[in-house]
Amino acid sequence: MSERLVIPQEIIAAIAEQAVAEAPNEACGYLRGLEGRVHGRMELTNVDASPEHFTLDPQEQFAALKEARRYGEQLLAVYHSHPETPARMSDEDIRLANDPKTVYVIHSLADGRTRGFRVDRTRSVVEVPIEIVPAAPETTNPETTKEEKAMADTPIDRDLDLSGEVCPYTFVKSKLALEELDPGQVLRVTVDNSESASNVPRSLSLEGHDIVSLEQARGKWLITVRNADA
Amino acid sequence: MAFSDEQVQRYSRHILLKGVGGKGQRKLLNARVLVVGAGGLGSPISLYLAAAGVGHLGIVDPDTVELSNLQRQIIHHTSDVGKAKVQSAARKIADLNPDVEVIPYEQRLDAENILDIISGYDFVVEGTDNFPTKFLVNDACILSDKPFNQGGILRFQGQTMTHVPGSASYRCVYREPPPPGSVPTCSEAGVLGAIAGMLGTIQATETLKYLLGIGDLLVNRILFFDALSMQTRVVDVKPTEWAEPAASNTKIDRLVEYEQPACDLNLERQYGPKGDAT
């Protein structure tokens, strides 16, 4: 079965617009949808602010994932622009393409094309053809889930400030603090570097704990996590 | 008990592990393990257990360090030749991890002292070079409902199994020690030094798994490896009735001190005290 990615014309146009606005740097973001059909676009910040490569902001990544889930959808693709080069995977793009489950979409301002690629674990690249369709399919408006209502006023049982700490000690200390809490209790961890902001929620989530929220404020990240130990 | 900053750093790679964490590390720090033999197997066993932060390590060995030990008994160094092995081991462990308390037993285990010595420990790891001690440790642990791991190496091969109360033991595989002279010892047949590391680290791993309560132990199974072909086999072992402690005279109900095989005694006269093999 040959894979393809269906993207509405207006989303392609919006990506192009963002690419022009952020040139000469690369612009980036996520495409959400279901079963190979893109329904929406989420603009992300290129924290590298570079014309040659991009890195997604971890807090925005988390927010994008939550937004896709709110629509009952998945993150189908990561897109970025090539301000001066054609729409193909650069060596740097291939090196940084760590997720074999996502499609990497590139929009080039040089040749005006938008192409999709998949990169497997052996770093071999396969093109995923993009089909551009006239209009976006209807999507239902996201509703505030019960989960979100619950998290809005989550009481914090313990506050742990790990400013000045780096990986892996931010996770090690968060894990130790969570072990001290009862199941269902909530820990809020403050970290001050983006690596920890990305690693700590991911690792805690892999341990089975519930990440309630990840917020960024004045160079710090607040990770709120509920102890889900049985 | 809260971890000190040094402990958080020292044990961070354990705490990171799912299934270990701070809770598991605390179990290790509170654990009591008896290592029988501070030789080829006892070296990696006690070094890894000490590095892992097993809080209380008993080490039994009656021998002193000889130059011929150093090819495989990596806890002992050239400057230790002539010193008691338990003292040499205790010093290395103190230097490696000050969290570990070492309880040295500079004596040979026998039917008189073994039950008393093992009673203070959660787990026993055996890595000696002689069948009488292997059978003595096996029987004493079974009589005391004490979980233990046994290991042996020769030439290029190793074998190990773990026992918990009710499971198969060494006697289910080998009912009696082999007739004197039928199986060569390491001091006759030789042993590749690194084999001691291969098997000893498996034994240390089994001990840590038991203490942490994770994974599947080598219970009712025996692991063999041959380093020349680099093949490993794990064979199922059924617990046999005569290998379990009970009143019946076909079962283990008392401790037996087997005679040292005659060939070993000859070797002892020829090459010095025995106990220099594993």
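What follows draws every value from the coordinates through simple rules; no lab data is involved. As the structure is a computational prediction, the values presented were derived from the model and not from experiment. All Cβ positions, glycine included, derive from the backbone under ideal geometry; neighbour counts span all protein chains shown.
Data for the structure
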| quantity | calculated |
| --- | --- |
| Stretchable slack from B:Leu115 to B:Arg254, in nm (0.36 nm times residue separation minus alpha-carbon distance) | 48.9 nm |
| Gaussian network model of chain B, springs between alpha carbon atoms under 10 Å - residue of B:Val124, B:Val81, B:Val65 with greatest fluctuation | B:Val81 |
| Cβ-Cβ FRET estimate between A:Gln9 and B:Gln9, R0 fixed at 56 Å, reported to 0.05 | 0.50 |
| Per DSSP, loop GluC sites (Glu not before Pro) in the range A:1-89 with at most 16 further Cβ within 10 Å | A:Glu3, A:Glu35, A:Glu52, A:Glu84 |
| Among B:Tyr48, B:Tyr11, B:Tyr105, residue whose mean-square fluctuation peaks in a GNM of chain B (springs only between Cα atoms under 10 Å) | B:Tyr11 |
| 17 Å cut-off, amide nitrogen to a point 7 angstrom out along A:Ala110 Cα→Cβ, residues in the range A:5-46 | A:19-20, A:23-27 |
| Extension gain from A:Leu206 to A:Asp159, taking 0.36 nm per residue of separation minus the Cα-Cα distance | 14.8 nm |
| Between the range B:1-75 and the range B:137-215, the Cα center-to-center distance that results, in Å | 18 Å |
| Least to most buried among B:Leu34, A:Leu44 (fewest other Cβ within 10 Å first) | A:Leu44, B:Leu34 |
| Compactness of the range A:146-226, expressed as Rg and Dmax over alpha-carbon positions, Å | 11.6, 35 |
| Over 44 Å [Cα-Cα, the protein assembly as shown], rounded percent | 40 percent |
| Helix-derived mean residue ellipticity, 222 nm - over chain B, DSSP H n ≥ 4, -39500 (n - 2.57), to 500 | -10000 deg cm²/dmol |
| Above-threshold pairs, the threshold being 19 Å between Cα atoms, out of A:Lys175/B:Lys27; A:Lys173/B:Lys92; A:Lys220/B:Lys18; A:Lys173/B:Lys23; B:Lys146/B:Lys209; A:Lys173/A:Lys220 | A:Lys173/B:Lys92; A:Lys220/B:Lys18 |
| Most positive-pole-ward Cα, A:Ser174, A:Leu222, A:Leu162, against dipole of the range A:146-226 from beta carbon charges | A:Leu222 |
| Distance in nm between pseudo-label sites at B:Thr78 and A:Ala49 (7 Å out along the Cβ direction from Cα) | 5.9 nm |
| Choice from A:Ser50, A:Ser108, A:Ser124 with maximal GNM fluctuation in chain A (Cα, 10 Å cutoff) | A:Ser124 |
| Shape of chain B, Cα gyration tensor, a/c cut at 1.5 | oblate |
| In range of the label at B:Asn30: residues from the range B:146-178 whose backbone nitrogen is under 19 Å from the point 7 Å along Cα→Cβ | B:147 |
| Likely footprinting exposure, A:Met89, B:Met161, B:Met198, B:Met230, fewest C-beta neighbours within 10 Å first | B:Met230, B:Met198, A:Met89, B:Met161 |
| Pairwise FRET efficiency - B:Ala194 versus B:Ile103, Cβ, R0 = 41 Å, nearest 0.05 | 0.90 |
| Per principal axis, descending, Cα span of the range A:5-133 in whole Å | 35, 33, 31 |
| Against the rule of thumb 2.2 N^0.38 Å, how large the Cα Rg of the range B:114-204 comes out | 1.09 |
| Where only C-alpha atoms are counted, convex hull volume of the range B:1-125 per residue in Å³ | 105 Å³ |
| Kirkwood-based shape ratio for chain A, expressed as Rg/Rh from alpha carbons | 1.01 |
| Added length on full extension, which subtracts the Cα-Cα distance from 0.36 nm per residue, A:Arg70 to A:Leu96 | 6.6 nm |
